[in-house]
Amino acid sequence: MNTLQSANMPNLLLPIIISDLRLIKGDRAVLQGVNLRIDEPGITVIMGPNGAGKTMLLRCLHGLITPDEGLITLGSLTVAASRDEQAMVFQHPVLLRRTALQNLAFAAPRIAKTAPRRLIQALESVNLADRADQPARMLSGGEQQRLALARALLSEPALLLLDEATASLDPASVLLIESLVKAQSARGTKVILVSHDQSQARRLADEIVFISNGQIAEQSPAGQFFTAPKTPMAKAYLAGEILF
Ligand SMILES: Nc1ncnc2c1ncn2[C@@H]1O[C@H](COP(=O)(O)OP(=O)(O)OP(=O)(O)O)[C@@H](O)[C@H]1O
């Protein structure tokens, strides 16, 4: 859609307001009473123990799951109405059985037609220019993830969601992806990412949202969260003391 004009323009998907969200999976609520308001641009990192509901929350934001109760608004838009302004990168990238370049062209047909050079630049930005004509599914895991990010960034989304997108990547790929995410954030895209990696969260986060047991336990500026987490649960999580 390319609705971002510049970092100085207000982001049309802010504020993000989540009210009384409840999501049932199987026979239990995996999200319950979730209330969250994100006003600020920049990078929000969602942290929390395994099974806390981080992925489910991200999927609700992206419209992949409809919550059983509650409301999400992004600026003046519903989730459905905001879909074209959003992009999401998953832990395991979903790519078409086509070449790397064709995957980008398929995702952004208008750009492919009017400015095909931008597709090559997108591949260059993730160090995949020499893989343009290789079947995307033959790329390594890290290469696939870089391609998925290039695809997500092509549309200059107003909201970029990343679910443990760097979980299994080598350090160079992690840093490359982080630098692209930071640059995109500086261009005005609101970024919400799920990560267990405390070092990564310290490098990227402006604020932390900590989820525990399907509820928001804490929302704090990153510096404050890491030096003085408000809840015993967050403190135990950061210390690696939560047992499952
Ligand atoms: N289809 C499903 N049926 C039943 N339970 C589900 C289903 N999908 C997810 N869940 C449960 O919902 C809970 C939240 O899952 P979610 O994937 O959001 O956790 P998470 O915080 O992202 O965890 P992790 O850090 O392990 O990725 C988990 O307990 C999970 O078992």
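The values are calculated or read from the model by the stated rules, or taken from the named source; none is laboratory data. The structure displayed is predicted, hence computed values, not measured ones. Every residue, glycine among them, receives a Cβ derived from its backbone with ideal geometry; neighbour counts consider all protein chains shown.
If the condition is being among the charged types (D, E, K, R) and closer than 10 Å to Leu147 by Cβ, then segment 99-136 contributes only Arg131.
Conditions tested, residue by residue: (1) more than 9 Å from the ligand (Cβ to nearest atom); (2) β-branched (Val, Ile, Thr); (3) modelled with pLDDT of 95 or more.
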residue	(1), (2), (3)
Met9	yes, no, no
Leu13	yes, no, yes
Ile16	yes, yes, yes
Leu21	yes, no, yes
Val30	no, yes, yes
Ile38	yes, yes, yes
Val45	yes, yes, yes
Leu57	no, no, yes
Leu64	yes, no, yes
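Confirm whether Thr78 is out of contact with any Pro (no Cβ under 6 Å at 6 or more places or on another chain), within 14 Å of the ligand (Cβ to nearest atom), of a type outside the set (Phe, Trp, Tyr) and more than 27 Å from Met233 (Cβ to Cβ). Criteria not met by Thr78.
Could you list, in sequence order, the residues of segment 78-94 that are of a type in the set (A, V, I, L, M, F, W, C) and crowded, with 18+ Cβ neighbours inside 10 Å? Working first, answer last.
Narrowing segment 78-94 to residues of a type in the set (A, V, I, L, M, F, W, C): 79-81, 87-90, 94.
Residues satisfying the conditions are Val79, Ala87, Met88, Val89, Phe90.
Restricting segment 52-76 to residues that are hydrophobic (A, V, I, L, M, F, W, C) and in a loop (DSSP other than H, G, I, E, B) leaves a set whose member that is surrounded by the fewest Cβ atoms within 10 Å (Cβ to Cβ) is Leu64.
Of the set (1) in a loop (DSSP other than H, G, I, E, B); (2) closer than 30 Å to Met138 by Cα, all apply to Met88 but (1).
With the condition kept exactly as written, say whether any residue in segment 97-115 is more than 16 Å from the ligand (Cβ to nearest atom), of a type outside the set (Val, Ile, Thr), surrounded by 21 or more Cβ atoms within 10 Å (Cβ to Cβ) and within 17 Å of Val191 (Cα to Cα). Give the steps one after another, and end with the answer.
In the first step, residues of segment 97-115 are kept if they are more than 16 Å from the ligand (Cβ to nearest atom); the result is 97-115.
Add one more test, that the residue is of a type outside the set (Val, Ile, Thr), and what stays is 97-98, 100-110, 112-113, 115.
With surrounded by 21 or more Cβ atoms within 10 Å (Cβ to Cβ) added as a condition, the list becomes 100-101, 103-104.
Filter once more, keeping what is within 17 Å of Val191 (Cα to Cα): none.
No: zero hits.
Could we say that Met56 is farther than 26 Å from Leu154 by Cβ and either free of Cβ contacts under 8 Å to residues at least 24 places away in the same chain or in contact with a Phe, Trp or Tyr (Cβ under 8 Å, 6 or more places away or on another chain) (or both) here? So Met56 does not fit the description; no. Of the residues making up segment 10-51, just one is of a type in the set (S, T, N, Q), within 30 Å of Glu156 (Cβ to Cβ) and not in a strand (DSSP E or B), namely Asn11. Just one of the listed residues (Phe225, Phe210) is more than 16 Å from the ligand (Cβ to nearest atom), in contact (Cβ under 8 Å) with a residue 12 or more places away in the chain and under 30 Å from Ile24 (Cα atoms), namely Phe225.
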